[in-house]
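Since the structure comes first, as structure tokens, the remarks are kept for the end.
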Amino acid sequence: MSFTLHGLGVSSGIAIGRAMLMSHATLEVSHLTITPRMVDKEIARFDAAVSAVKSELILMKESTEHAPAELAAFIDIHTMFLEDPELAEKPREIIRERRCNAEWALVQQMEHLVEQFEQFDDLYLRERKFDVVQVVERVVKELLGHPGRAALRTAKNSKEDALIVVAHDLSPADTISFKEHRFASFICDVGGATSHTAILARSMAIPAVLGLENARAAIRDGEQLIVDGLRGVVIVNPDPRVLEEYQLRKNQLELEKTKLKRLKTAKSETIDGVEIQLQANIELPGDVPTALDAGAEGIGLFRTEFLFLNRGDMPDEQEQYEAYKKVVKGMGGRPVTIRTFDLGADKDLHPEANASDRVKTNPALGRRAIRLSLAEPKMFHTQLRAILRASKHGPIKLLIPMLAHAHEIDQTLAALERAKSSLRGEKVSFDENIEVGGMIEIPAAALAVGLFLRRLNFLSIGTNDLIQYTLAIDRADEQVAALYDPLHPAVLMLIAHTLASAEKVGIPVSVCGEMAGDPDLTRLFLGMGLRTFSMHPSQILRVKQRVLKADVAAIAANVRKMLRLDEPGKLREALEKLNAG
Ligand code: PEP
Ligand code: MG
């Protein structure tokens with residue numbers, strides 16, 4: 001019988017294949033009472049299972065080449081959980097006190113921890129409960145005598161070309177094995193858009209649907225499935241007509257992808273010979289290969305705050321230096337724009353401690369980004385020194401987020417001078433002429449752009465925040481998401497004003513917000529005079545495709561007319577015409 005399940009499409013694409021069910025070990029655990037004499041033996045059995053899983057994780061990390069950067073981090077998180085007394089010690093106490101079997105003790109402790117994680121306000125931290133469950137699952141499987149990779153080993157030998165993993169939940173360590181096993185897709189009962197599984201699916205370009213609630217129970221091993229990762233739909237036992245239609249769409253998507261790949265080495269230049277820089281936004285040093293693979297001509301935005309998140313301590317100068325050096329060396333002479341940490345607001349270092357403040361005040365308007373850096377001079381000094389030290393390994397530019405005031409720029413430049421002078425004192429070499437740029441992401445900065453142009457070497461427009469602050473829409477609040485409009489005339493006016501003002505004085509400007517990666521806006525930006533775009537690597541070739549077909553001279557006049565429109569309907573119509581022409 002054919003039926004359809006709806007979930008959250010977290011990674012787009014279409015997969016057609018047979019279901020391969022993965023077991024949910026914690027559901028198989030029974031409660032056994034043991035005799036006092038067996039307690040020590042049971043604890044030893046528990047310890048052995050924990051160390052076996054630890055070794056398996058270490059092996060997995062070492063043996064998987066080209067793993068996405070996030071994966072190594074996830075394996076580290078799982079290893080860290082396994083080493084935490086809450087998981088490594090507490091179940092031993094439960095075994096001793098309640099005289100129960102190891103599996104049961106572990107699952108009791110897991111449920112207690114999951115409850116604690118559910119109390120967090122922060123979505124990211126809340127979702128870490130899945131990591132606890134996943135790592136416990138792995139130990140339970142070991143205790144039950146069917147370690148995690150058994151199912152995957154079977155799949156490797158299978159003759160079936162396309163296998164779709166159906167699971168209640170998947171650990172990142174499971175997900176990594178998908179490369180060697182050629183899984184076409186995976187679907188899960190649980191998981192949100194920011195869950196590790198979702199992040200991994202996107203970075204591995206595997207279509208995935210999460211949050212299906214009861215897929216694991218409703219689907220049987222070997223049933224035929226269609227996974228539509230864009231729409232978040234799973235069709236079980238499709239009828240021949242639906243299957244044919246999806247097969248056709250899948251082929252079309254593959255063809256488009258192959259065509260796009262051919263553009264990787266094409267010079268990024270318009271029909272009338274205007275050179276356009278297409279750069280990548282990255283979050284971690286491990287993203288560099290993906291950026292290069294997409295043909296990025298540089299890093300336009302390295303969001304360094306991600307080096308500070310999901311950890312109990314701060315990265316010290318040496319650790320930061322290594323990270324920045326890795327990026328600049330990896331980019332092999334291409335420019336790398338390192339943004340100083342944009343912590344605060346949704347990228348909070350202490351979400352639990354600040355939870356009550358968040359209710360009272362809007363952190364997006366609070367001590368965030370450069371405001372926090374200037375309030376924490378020691379932390380800022382450490383980062384500036386690390387960036388400067390890395391600048392001797394290749395072309396690095398320094399980018400400052402969320403500037404609004406002239407005195408913030410002046411203070412930043414003074415802090416940079418202090419960092420330089422401390423390095424000079426220690427005879428450490430760095431690029432004395434490192435360029436300093438500012439993010440234009442507050443309407444005040446766009447309107448009074450002159451004071452930025454006088455003090456800085458380049459600008460980068462952060463449209464994500466510019467839209468948030470211009471339209472008074474909290475970008476993290478789903479309830480007002482429909483009002484978040486990149487094409488609002490006020491937003492376009494601010495971008496156009498910034499570009500035109502910078503052009504007059506010959507200061508380079510890029511756009512590094514999500515708008516830069518939207519191919520439907522490429523012609524509009526080109527017509528406005530933008531020559532440097534920075535975006536998620538997955539968008540680079542799509543935008544390049546539009547660049548190669550654009551004639552800037554012809555577009556510019558139309559865009560000028562378009563920017564005089566302030567009726568949203570008319571603006572949209574004009575954009576459609578611009579893109580069709
Ligand atoms: C932006 O605001 O557009 C931007 C690129 O910065 P972030 O998304 O990191 O705030
Ligand atoms: Mg921003």
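The values are calculated or read from the model by the stated rules, or taken from the named source; none is laboratory data. Not measured: the values here are computed from a predicted model. No Cβ is skipped: glycine too gets one built from the backbone with ideal geometry, and neighbour counts run over all protein chains shown.
Points to keep in mind about this one:
- Helices (runs of 4 or more DSSP H) contained entirely in the range 497-581, each with at least 2 residues that are of a type in the set (A, V, I, L, M, F, W, C) and under 26 Å from the mean Cα position of the chain (by Cα): 540-548
- Leading residue by the ranking (farthest from ligand 1 (Cβ to nearest atom)) among those in the range 453-469 that are in contact with a Lys or Arg (Cβ under 9 Å, 6 or more places away or on another chain) and among the aliphatic types (A, V, I, L, M): L453
Table: residues versus (1) in a helix (DSSP H, G or I); (2) aliphatic (A, V, I, L, M).
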residue	(1), (2)
K264	no, no
N281	no, no
A296	no, yes
F306	yes, no
D313	no, no
R334	no, no
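- Single residue of E426, E478, E441 found to be modelled with pLDDT of 95 or more and surrounded by fewer than 17 Cβ atoms within 10 Å (Cβ to Cβ): E426
- Lone qualifier among L466, L487, L471 - being in the same structural domain as L526 (by TED's automatic domain parsing) and surrounded by 19 or more Cβ atoms within 10 Å (Cβ to Cβ): L466
- Breaking point among (1) more than 16 Å from ligand 1 (Cβ to nearest atom); (2) free of Cβ contacts under 8 Å to residues at least 24 places away in the same chain, for I473: (1)
- Test: residue in the range 66-74 that is in contact (Cβ under 8 Å) with a residue 40 or more places away in the chain and closer than 18 Å to V190 by Cα: yes
- Here L571 meets each of (1) surrounded by 14 or more Cβ atoms within 10 Å (Cβ to Cβ); (2) under 13 Å from V274 (Cβ atoms) with one exception, condition (2).
- Checking A414, A404 one by one, the residue that is closer than 18 Å to L374 by Cα, modelled with pLDDT of 95 or more, loosely packed, with under 15 Cβ neighbours inside 10 Å and among the hydrophobic types (A, V, I, L, M, F, W, C) is A414 and no other.
- Any chance F341 is away from ligand 2 (no atom under 13 Å from the Cβ), surrounded by 14 or more Cβ atoms within 10 Å (Cβ to Cβ) and modelled with pLDDT of 90 or more: no
- When I219, I176 are checked against the criterion of being out of contact with any strand residue (DSSP E or B) (no Cβ under 7 Å at 6 or more places or on another chain), aliphatic (A, V, I, L, M) and either modelled with pLDDT of 85 or more or not assigned by TED's automatic domain parsing to the domain that holds R531 (or both), I176 stands alone in meeting it.
- Boolean, G232 is surrounded by fewer than 22 Cβ atoms within 10 Å (Cβ to Cβ) and at pLDDT below 90: no
- All positions within the range 179-216 that are aliphatic (A, V, I, L, M), at pLDDT 65 or above and in a loop (DSSP other than H, G, I, E, B): V190, A205, I206, L212
- From G450, G513, residue being assigned by TED's automatic domain parsing to the domain that holds L575 and either within 13 Å of ligand 1 (Cβ to nearest atom) or under 26 Å from L343 (Cβ atoms) (or both): G513
- Conditions (1) surrounded by fewer than 18 Cβ atoms within 10 Å (Cβ to Cβ); (2) closer than 25 Å to K325 by Cα; number of the one not met by L459: (1)
- Qualifying residue in the range 372-381 (condition: at pLDDT 80 or above and within 16 Å of ligand 2 (Cβ to nearest atom)): yes
- Looking only at the range 418-441, residues that are closer than 22 Å to K378 by Cβ and either within 16 Å of ligand 2 (Cβ to nearest atom) or among the aromatic types (F, W, Y) (or both) come to 1 in all.
- Selection of first residues in the range 430-459 that are on the phi < 0 side of the Ramachandran plot and of a type in the set (S, T, N, Q) and of second residues that are outside any loop (DSSP other than H, G, I, E, B) and surrounded by 15 or more Cβ atoms within 10 Å (Cβ to Cβ), restricted to Cβ pairs under 7 Å at least 6 apart or on distinct chains, gives the following pairs, ordered by first then second residue: N457/E435; N457/V436; N457/G437.
- The set of residues from the range 469-496 being of a type outside the set (A, V, I, L, M, F, W, C) and assigned to a helix (DSSP H, G or I) comprises Y469, T470, E478, Q479, P489.
- Residue that is within 13 Å of ligand 2 (Cβ to nearest atom) and not aromatic (F, W, Y), where the choices are G513, G527, G506: G513
- Of all residues in the range 27-56 being within 34 Å of the chain's Cα centre (by Cα) and surrounded by 20 or more Cβ atoms within 10 Å (Cβ to Cβ), the one that is modelled with the lowest pLDDT: V53
- Sub-9 Å Cβ pairs linking a first residue in the range 535-551 that is crowded, with 22+ Cβ neighbours inside 10 Å to a second residue that is of a type in the set (D, E, K, R) and assigned to a strand (DSSP E or B), at least 6 apart or interchain, are V547/E269, ordered by first then second residue.
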